[in-house]
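Some notes on the structure that comes next.
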Amino acid sequence: MKLPELKKKVWKAWTLFNDASGVITQDATFIQDVKRFGDRRYKVTWIKALAQFTAQASYESCLDAYMLVLENFNFTTERWDYEYRHEILDAFLAYPDALDLIRTGLEQLFSSDFAPQERENADGFFELVEERSQQSGRDSLPIGLDWRLPATSSAA
């Protein structure tokens, strides 16, 4: 993604975060908030800002934890933010209860309230988790969840 387009996406993520937080936005505040991530002339600064604002918006607007798995972190190649998926998840995981929210979301998704087809819609999230476990320098998600469905478990 080119820098001008990235800046627009950061603006959108920033306003979304502020709307979720109930804060009235002002252009001067946006500039100050982006400066926290470094020099605004560099793309890496804007990527950090995008990741942080997107993660904050996901956290602040989280009403149902399963939506984190089905929507917020269900990165597919068609999504515009696919190339920044690891940075966004890293920023979200900085919250003290982030893993608990993801774990709760997975437990909800694998409950009887959801059909197997709905679980299959979260492939982007599961691919992201698998990628993290294979990358050096990134922590895998320590979420203990038995992925087998009760109907498919073998009898002992």
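Just one of the listed residues (Phe114, Phe92, Phe17) is open to solvent by less than 50 Å² (accessible area, probe 1.4 Å), assigned to a loop (DSSP other than H, G, I, E, B) and hydrophobic (A, V, I, L, M, F, W, C), namely Phe114. For Phe75, state whether it is open to solvent by less than 80 Å² (accessible area, probe 1.4 Å) and within 17 Å of the chain's Cα centre (by Cα). Yes; evaluated as a whole, the condition is true for this residue. Does Thr54 satisfy being open to solvent by less than 80 Å² (accessible area, probe 1.4 Å) and within 15 Å of the chain's Cα centre (by Cα)? Yes, satisfied. Could you list, in sequence order, all residues of region 20-67 that are part of a loop (DSSP other than H, G, I, E, B) and farther than 23 Å from Ile102 by Cβ? Selection gives Gly22, Val23, Ile24, Thr25, Gln26, Arg36, Phe37, Gly38, Asp39, Arg40, Arg41, Tyr42.
The residues on offer are Lys7, Lys48, Lys43, Lys12, and the sole one that is touching an Asp or Glu at 6+ places or on another chain (Cβ under 8 Å), more than 20 Å from Glu130 (Cβ to Cβ) and open to solvent by 70 Å² or more (accessible area, probe 1.4 Å) is Lys48. Scanning region 117-149 for residues that are within 20 Å of Met67 (Cβ to Cβ), open to solvent by 60 Å² or more (accessible area, probe 1.4 Å) and modelled with pLDDT under 80 returns a single hit, Trp147.
The values are calculated or read from the model by the stated rules, or taken from the named source; none is laboratory data. This one's a predicted model, so the numbers in the text were calculated from it and none came from an experiment. Glycine gets a Cβ as well: all are built from the backbone with ideal geometry, and neighbour counts include every protein chain shown. Keep in mind that these areas ignore ligands, DNA and RNA; they rest on the heavy atoms of the full protein, side chains included. Shrake-Rupley method; radii C 1.70, N 1.55, O 1.52, S 1.80 Å.
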